[in-house]
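The values are calculated or read from the model by the stated rules, or taken from the named source; none is laboratory data. In this text the structure is predicted, and so the values were computed from the model without any measurement. In this analysis, Cβ positions are derived from the backbone assuming ideal geometry, glycine residues included, and neighbour counts consider all displayed protein chains.
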There are 2 protein chains.
Amino acid sequence: MNAIADPVAALLETAAQAARAAAADLARAPRPVKDLALREAARALRAAAPAVLAANEADVAAAPGLSAAFRDRLALTPARIEAMARGLEEVAELPDPAGRVLSEWTRPNGLVIRRIAQPIGVIGMIFESRPNVAADAAALCLKSGNAVILRGGRESLQSVAAIHAAMAAGLRAAGLPEACVQVAPTADRGFVGAMLRAAGLIDLIIPRGGKGLVTRVMEEARVPVLAHAEGLCHTYVHAAADPAMARAILANAKMRRTGVCGATETLLIDAAVAPSLLPLLVADLAALGCDFRADAAARVLCPGLPAATEADFATEWLDGILSVAVVEGVPAALAHIRRFGSEHTEAIVTEDAAAATEFLNGLDSAVGLWNASTQFCDGGEFGFGAEIGIATGRLHARGPVGLEQLCTYRYHVIGSGQVRP
Amino acid sequence: MNAIADPVAALLETAAQAARAAAADLARAPRPVKDLALREAARALRAAAPAVLAANEADVAAAPGLSAAFRDRLALTPARIEAMARGLEEVAELPDPAGRVLSEWTRPNGLVIRRIAQPIGVIGMIFESRPNVAADAAALCLKSGNAVILRGGRESLQSVAAIHAAMAAGLRAAGLPEACVQVAPTADRGFVGAMLRAAGLIDLIIPRGGKGLVTRVMEEARVPVLAHAEGLCHTYVHAAADPAMARAILANAKMRRTGVCGATETLLIDAAVAPSLLPLLVADLAALGCDFRADAAARVLCPGLPAATEADFATEWLDGILSVAVVEGVPAALAHIRRFGSEHTEAIVTEDAAAATEFLNGLDSAVGLWNASTQFCDGGEFGFGAEIGIATGRLHARGPVGLEQLCTYRYHVIGSGQVRP
């Protein structure tokens, strides 16, 4: 494939080669230089707030048919810009994940072997409407020593460009190459495809957005991908659940925010406790505005609930709707989760430690919780400071992807002239 | 795609689903059960040695046009069968990598977060002529709690089937599902393609074989791959090298075994020391039967050497041939390695710690050695006991892939009713 045949791929290649060279410089940069870049970027972002807001208003004005939810994700405010700037400063406070000696041992022949954390290299970040993803992703990549190419949604182009200008100012102030953080040089849709095919140029793709975007990326990418396509999370209220705790956890897990990937989409309630507890849980959630899709056993106990189809149990609602199934025991709960779940996050509520252990060990999910809300599954709540996404694949990283997960490792082997027999 | 349209894909789907169910049982099996299966498999393999040898003779006889090297890889002997059996027992002695608590911390809200090692799931092993790969891969997958589907070369079908029978006997003796270790149910070439496309059915593909096989797998796979396509390894003899150490290391790194991926293919010798040392290095290696491809500066010092082309520096010889280039300083050595290397394994020979650090930190390779032979890069030498391959990608694992690297992780979060504010 050459530049004449595919100019968009040529643009990607140029950007990725500049990113590779910049990543080599960044990987050698000591922590204070990276932190300076982040703090100076925060300062530049605050100083540029009027310009960023103007760019964002232009983006919003250019897309008049937006839904209210889409407009909410796209729109920036002074408070959101300040939150982005603070986010950059918070990443500066986090420890440097690169260069850590992950383990070290000495072989009988005297060779000392060290496993050392190292930046992955060049990250391709593909996201949709939320412009703040640009700042978060740039900060985490910069701190972990990775170069990043940001490709935001077409609706947020001017907003992302304005945020990127602040990142570039921070890099310049710290004497780091601006190519450490780049935005896609074209709005051409083919650029995403070029990123996905860029094996050898881009080391990792991280998509952030709706299931359609993420699924497309997972299906087409020739480059490794860290992501989750959906978070079809379950809360299982076990026979030995504390009723008050179950009510508090389920209300939070379902209704605190319904649009996040860690929101519970399905309640599994044990048959042993459903007659007494399900009506209370339904009343709690209904009072918060939740609707229901319930299986036959649940509808016997709560006759007013709409009937659930199989497809409902396979649906990530991302809304005030809860699927409800009555199950008998931990194995049945696990079987339901294996059949319908997305290996993201599931919780059990129980006072029975043996049941909790059986449930947690039987899960294939990235995150299993005992007596806590499924909405705790993100990087901030894990203490990572920030996350670039949440992964449900089985290689490299599972669950929240923070600074540590943006590193790979290499080995250094220290000898004194050893040769192999 | 349905069974009528693609019967080979249907066979793969059936095998992979059986593997998935078996992996769930295996993941729950305690260590003594897995170790019993390995020891009983070793016993069965020893008892079946005559049958394995007969099957292997039939394989060799069925492919009369084999090269001597190919025949050597394919042919089994009583000693090789004993080595396989001992290998199974050695894996039984290794610690169980699954279930380890990799880290644990407590959040300010009281949530206890544990990161726990977990088997990856279903591994697809695609290999060429060496039948012992079947036993090694089966043992490592079994011990780490992964199910495996083995697809060996067409020339080794009967040998692999005979080895597999011993593994199945071990699994039966331990009460584990035989589907934990399967061989491809068809010799149809399309089965490899079906494995590579089996996203969701197979979690990880590990190819072992020549560059052609591995490159095809990397290019076509829709499933994550751990592998290296080539090991174009460099030894850099620095200006401050101890001459005697440099001679011993280079002779070992190049000539101990020339066909292994950790063999040095290119000597980079510093201009400061080349006039005195290069003639000695060349004489040593020539006495061991090595041939050379040398750049202009090296040929000034050793006029008899054949000239190297650019393509020679990009060639993994896997034979008694050494490319030679004279470089000036660590940055020039690193630049040569970045241009021509495969990010596998490189060594520096020097008494200068600052130069060694500069070299090791500047490498992008999975393994960097200081004052030791590049042939130390495999799992046995790292103390992993055994390896299923060596990886040069940037995700999940780099360098030798042993039991630990055959695990992913998940999180268990232990609460006491926490809800998210």
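Listed here are the residues, each with its yes/no results for (1) in the same structural domain as B:A58 (by TED's automatic domain parsing); (2) in a loop (DSSP other than H, G, I, E, B); (3) surrounded by fewer than 21 Cβ atoms within 10 Å (Cβ to Cβ); (4) of a type in the set (F, W, Y).
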| residue | (1), (2), (3), (4) |
| --- | --- |
| B:L140 | yes, no, no, no |
| B:L150 | yes, no, no, no |
| B:E155 | yes, no, yes, no |
| B:A161 | yes, no, yes, no |
| B:A169 | yes, no, yes, no |
| B:P185 | yes, yes, yes, no |
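In this entry, B:D59 passes the filter for residues that are over 19 Å from B:L142 (Cα atoms), among the acidic types (D, E) and in contact (Cβ under 8 Å) with a residue 24 or more places away in the chain.
Checked against (1) out of contact with any helix residue (DSSP H, G or I) (no Cβ under 8 Å at 6 or more places or on another chain); (2) over 23 Å from A:K143 (Cβ atoms); (3) more than 9 Å from every other protein chain (Cβ to nearest Cβ), A:P421 meets all criteria but (3).
Criterion first (more than 14 Å from chain A (Cβ to nearest Cβ) and in contact with a Lys or Arg (Cβ under 8 Å, 6 or more places away or on another chain)) does B:R86 satisfy it? So B:R86 does not fit the description; no. Residues in the range A:230-267 that are within 11 Å of chain B (Cβ to nearest Cβ), surrounded by fewer than 22 Cβ atoms within 10 Å (Cβ to Cβ) and hydrophobic (A, V, I, L, M, F, W, C): A:A244, A:M245, A:A248, A:A251, A:M255, A:V260. Here B:G121 fulfils each of the conditions (1) in contact with a Lys or Arg (Cβ under 7 Å, 6 or more places away or on another chain); (2) in contact (Cβ under 8 Å) with a residue 40 or more places away in the chain; (3) surrounded by fewer than 20 Cβ atoms within 10 Å (Cβ to Cβ) apart from (3). Could you tell me whether the range B:404-411 includes any residue that is in contact (Cβ under 8 Å) with a residue 40 or more places away in the chain and within 13 Å of the chain's Cα centre (by Cα)? Checked the range B:404-411: at least one residue is in contact (Cβ under 8 Å) with a residue 40 or more places away in the chain and within 13 Å of the chain's Cα centre (by Cα). Can you tell me which residue in the range B:367-403 is nearest to the chain's Cα centre (by Cα), limited to those that are at the interface with chain A (Cβ under 8 Å from one of its Cβ atoms) and of a type in the set (S, T, N, Q)? Result: B:Q375. Taking A:L157 as the residue in question, decide whether it is touching a Ser or Thr at 6+ places or on another chain (Cβ under 7 Å) and either at negative phi or at pLDDT below 95 (or both). No; evaluated as a whole, the condition is false for this residue. Criterion applied to A:S67, A:S103 was being small (G, A, S) and closer than 19 Å to A:F127 by Cα, and the one residue passing it is A:S67.
For the range B:92-128, taking the residues that are among the small types (G, A, S) and in contact with an Asp or Glu (Cβ under 7 Å, 6 or more places away or on another chain), the one that is farthest from the other protein chains (Cβ to nearest Cβ) is identified as B:A92.
One line per residue, one yes/no per condition, for (1) farther than 30 Å from B:I321 by Cβ; (2) basic (K, R):
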{"residue": "B:T186", "(1), (2)": "yes, no"}
{"residue": "B:P207", "(1), (2)": "no, no"}
{"residue": "B:K211", "(1), (2)": "no, yes"}
{"residue": "B:P243", "(1), (2)": "no, no"}
{"residue": "B:A246", "(1), (2)": "no, no"}
{"residue": "B:K254", "(1), (2)": "no, yes"}
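Restricting attention to the range B:365-394, the residues that are touching a helix residue (DSSP H, G or I) at 6+ places or on another chain (Cβ under 7 Å) and of a type in the set (D, E) total 1.
Being surrounded by 15 or more Cβ atoms within 10 Å (Cβ to Cβ) and not β-branched (V, I, T): is that true of A:R114 here? Yes: the conditions hold for A:R114. Being in a loop (DSSP other than H, G, I, E, B), assigned by TED's automatic domain parsing to the domain that holds A:G65, of a type outside the set (S, T, Y) and in contact with a strand residue (DSSP E or B) (Cβ under 7 Å, 6 or more places away or on another chain) is a property that does not hold for A:V192. Residue under question is B:E346, and the condition is that it be more than 22 Å from B:D96 (Cβ to Cβ) and more than 9 Å from every other protein chain (Cβ to nearest Cβ); does it hold? Against the criterion (more than 22 Å from B:D96 (Cβ to Cβ) and more than 9 Å from every other protein chain (Cβ to nearest Cβ)), B:E346 qualifies. Only one of the numbered conditions (1) in contact with a strand residue (DSSP E or B) (Cβ under 7 Å, 6 or more places away or on another chain); (2) surrounded by 24 or more Cβ atoms within 10 Å (Cβ to Cβ); (3) of a type in the set (G, A, S) is not met by B:G209, and that is (2). Restricting the search to helices (runs of 4 or more DSSP H) fully inside the range B:23-79 and requiring at least 1 residues that are of a type in the set (D, E) and surrounded by 15 or more Cβ atoms within 10 Å (Cβ to Cβ) gives B:31-47, B:49-61.
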